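Presented below is the structure to which this report refers.
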Amino acid sequence: MRSTLLTLLAIAAGGTLLTRIAGHASALDAVTGRQPSAMTALRFGALADASGRTQRDIVILVHGDTIVRVQSASRALPPGAMVVDMRKYTAIPGLIDVHTHMTYWRDKNAPMSNAPRSRDSVVMVAAENARRTLETGVTTVRDLGASNYTDIAMRDAIARGDMVGPRMFVSGYGLSKLTAAPREGTPSAAVRGRIWDTLDIKAAIAAQVEAGADWIKMYGSTGSFQNVTSTQTFSETEMRVAVEAAHRYGRPIAIHSYGDSGGRAAIRAGAESVEHPAGLSATTLAEWRQRGAMYVPTVDHNRFYAENAALFGYTREQVAALDSFRVLNLESARRAHAAGVKFAMGSDAVYWMHGENTRELGWFVKAGMTPAEALATATTNAAVLLRQPNKLGRIAPGYFADIVAVDGDPLKNIDVVIEHVVWVMKGGKVVVNRSAP
């Protein structure tokens, strides 16, 4: 454990270990690091994106953190441009995971031991989650729930360059319903997202916004970890109060619901996205498509819990429930896709599931999507959800230089994206380099 923590501290501090992991010694990063005014020309064998179109033998011109131009390799390059030969690989946009818990960390060798509690120690060990996330090609995440505002601290550390990790949009404390009235005279728990009455909802949202949250998260039903129950906890009226309060502060809202009634209430209330819901009725799906909320099914996270049940101490009955919910969730995703509901990819990654973020794309293909449609859930669709359609999710002029190299054709086989990421650039800097010399 001591050596693990020392390693993570080195990563968080940006030490020499980090530079080796990220491949900063490459020719490309030497140029972008030492000559910020120079243009970098990334030559790829192909460029594939969510449109389903493939461009062959192309060059992506990058200056600083921005893509300047995408052109044919036969076109002349700007004078002094540093050429990086990536012709063995296909370029895709940096991927977006819209449902993570980056600050949830456990040592896989001792998963039942107490995790670090202080804000600083949580952020430091979570650097491992950040590194593993980047290795999947995910350069941006939406993080939906953390205690003690550790997600805000982590977002800011990454933005300052104190930690290498994906760009983060965060939500602070999620809003959950108290099951019993607080004792008279005790301080309000609303600032920590604990809700008893309607006034608490407004106070809780105000507290998250004041702390610096980009999003608001609300738990609209039971269901979490090994618990796959779906009892609705907030009424549609209460959800509407939350949506209106969030929007008053200019913040979008994501509502968690494991079932049909909570999911339907969330879309009627005006949530921007609904997380997890399974067992969706035809009526709910038709209304969902009409209202345009984004669907984030997180099919794969119950696979993670079931496969690691022994480490978590889950019973056979709990594993059976996880497996049954995953089947129901996949069927709901299939029906939602057929009904024209829009999806965004969310892994719901916790602990050592960071590094498996993109396995969700495989479930989407099983639900009937083409590889291009699945890729859209982690690029263009996700960028729209994050209100960044002109900066994220595409390789085009003016967009962030978030670029991933994969070995193979991702438009023929989505497993290329899941299993064969070899190189990752985030904001013009190489953060993963497994490419051949």
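We did not get these values from a lab; they are worked out from the coordinates using the rules stated. Source: prediction; values computed, not measured. Cβ atoms come from the backbone with ideal geometry, glycine included; neighbour counts cover every protein chain shown.
Mind checking the dipole of segment 95-385: about its Cα centre, +1 per Lys or Arg Cβ, -1 per Asp or Glu Cβ, Debye to the nearest 20?
Dipole magnitude for segment 95-385 comes out near 180 debye.
Plugging the Kirkwood radius over Cα pairs into Stokes-Einstein for segment 300-437, at a temperature of 10 °C and a viscosity of 1.306 mPa s, what D comes out in µm²/s?
Estimated via Stokes-Einstein, D reaches 96 µm²/s.
Applying the Karplus parametrisation 6.51 cos²θ - 1.76 cosθ + 1.60 with θ = phi - 60° to the phi angles of segment 236-247, what ³J(HN,Hα) value in whole Hz is obtained for each residue in order, glycine and proline being reported as x?
Taking θ as phi minus 60°, the curve returns 4, 4, 5, 4, 5, 4, 5, 4, 5, 5, 4, 5 Hz for segment 236-247.
Quick one: if the Förster radius is 41 Å, what FRET efficiency do SER72 and LYS391 give, using the C-beta to C-beta distance and rounding to 0.05?
FRET efficiency, SER72 to LYS391: 0.95.
Grab the beta carbon distance between ALA181 and LEU311, set R0 = 41 Å, and tell me the FRET efficiency rounded to 0.05.
0.65
Using helices alone, I'd like the mean residue ellipticity at 222 nm for the chain: each DSSP H run of four-plus residues gives -39500 (n - 2.57), total over residue count, nearest 500.
Taken over the chain, the calculation gives -10500 deg cm²/dmol.
For segment 95-385, state the average projected area of the convex hull of the C-alpha atoms over all orientations, rounded to one decimal in nm².
14.5
Output the peptides 80-89, 60-69 sorted from most to least packed, where packing is the average of other Cβ atoms within 10 Å over each peptide's residues.
60-69, 80-89
Can you list the residues, at least 5 places off or on another chain, whose amide H is less than 5 Å from the amide H of MET294, using H built in the peptide plane?
Placed amide hydrogens put SER273, VAL274 under 5 Å from MET294.
Please check: in the Gaussian network model of the chain (C-alpha springs, under 10 Å), which one of THR150, THR222, THR186 has the largest mean-square fluctuation.
Looking only at THR150, THR222, THR186, the largest GNM fluctuation is found for THR186.
For the pair ALA206 and ARG160, what calculated FRET efficiency results from E = 1/(1 + (r/R0)^6), where r is the Cβ-Cβ distance and R0 = 35 Å, to the nearest 0.05?
After rounding, the FRET efficiency stands at 0.85.
If I fit a long axis through the Cα atoms of helix 282-291 and take the longest principal axis of the Cα atoms of the chain, what angle between them do I get, 0 to 90°, rounded to 10?
60
Under the Karplus relation 6.51 cos²θ - 1.76 cosθ + 1.60, θ = phi - 60°, what is the ordered set of whole-Hz ³J(HN,Hα) values for segment 372-389, x standing for Gly and Pro?
After applying 6.51 cos²θ - 1.76 cosθ + 1.60, I find 5, 5, 5, 4, 4, 5, 9, 9, 5, 5, 5, 5, 4, 4, 7, 6, 10, x Hz.
Restricting things to alpha carbons, tell me how big segment 259-319 is in terms of Rg and Dmax, in Å.
For segment 259-319, the Cα-based Rg and Dmax read 14.7, 42 Å.
Any chance you could count the Lys pairs in the chain whose alpha carbons are under 15 Å apart, treating pairs 8 or more apart or on different chains as valid?
Lysine pairs satisfying the spacing and distance rule in the chain number 5.
Choose one of GLY355, HIS301, VAL164: the residue whose Cα lies farthest towards the positive end of the charge dipole of the chain (beta-carbon charges +1 Lys, Arg; -1 Asp, Glu; about the Cα centre).
VAL164
Quick one: give the max-minus-min coordinate of the C-alpha atoms of segment 280-355 along each principal axis, largest first, in Å.
42, 26, 14
Using a simple spin-label model with points 7 Å from Cα along the Cα→Cβ vector, what separation in nm is obtained for ASP120 and HIS247?
Result for the modelled spin labels: 4.2 nm.
Check which residues have an amide H placed less than 5 Å from GLY270's amide H, if you skip close sequence neighbours.
none
Along the positive direction of the dipole of the chain (beta-carbon charges: Lys, Arg +1; Asp, Glu -1; about the Cα centre), which of GLY313, THR40, ILE414 reaches farthest?
The Cα lying farthest towards the positive end belongs to THR40.
Please identify every one of the trypsin sites (Lys or Arg not before Pro) in segment 161-204 that sits in a loop by DSSP and has no more than 11 other beta carbons within 10 Å of its own beta carbon.
For trypsin sites (Lys or Arg not before Pro) across segment 161-204 that sit outside H, G, I, E and B with at most 11 neighbouring Cβ atoms in 10 Å, the list reads ARG183.
Note down the net charge around ALA126, summing +1 for each Lys or Arg and -1 for each Asp or Glu among other residues with Cβ under 12 Å from its Cβ.
Residues close to ALA126 contribute a combined charge of +1.
Using alpha carbons only, how many degrees (0 to 90, rounded to 10) separate the axis of helix 150-160 from the longest principal axis of the chain?
Value to nearest ten degrees: 20.
Taking Cα atoms, how many degrees apart are the long axis of helix 316-339 and the longest axis of the chain, rounded to 10 and kept between 0 and 90?
The helix 316-339 is inclined about 70 degrees to the chain.
Give the separation of the Cα centroids, segment 219-258 to segment 374-415, in Å.
The distance from the Cα centre of segment 219-258 to that of segment 374-415 comes to 28 Å.
What residues qualify as long-range amide H neighbours of MET82, i.e. H under 5 Å apart, gap of 5 or more or another chain, H built at 1.01 Å from N?
Counting only residues 5 or more places away or on other chains, the set is MET39, THR40, ALA41.
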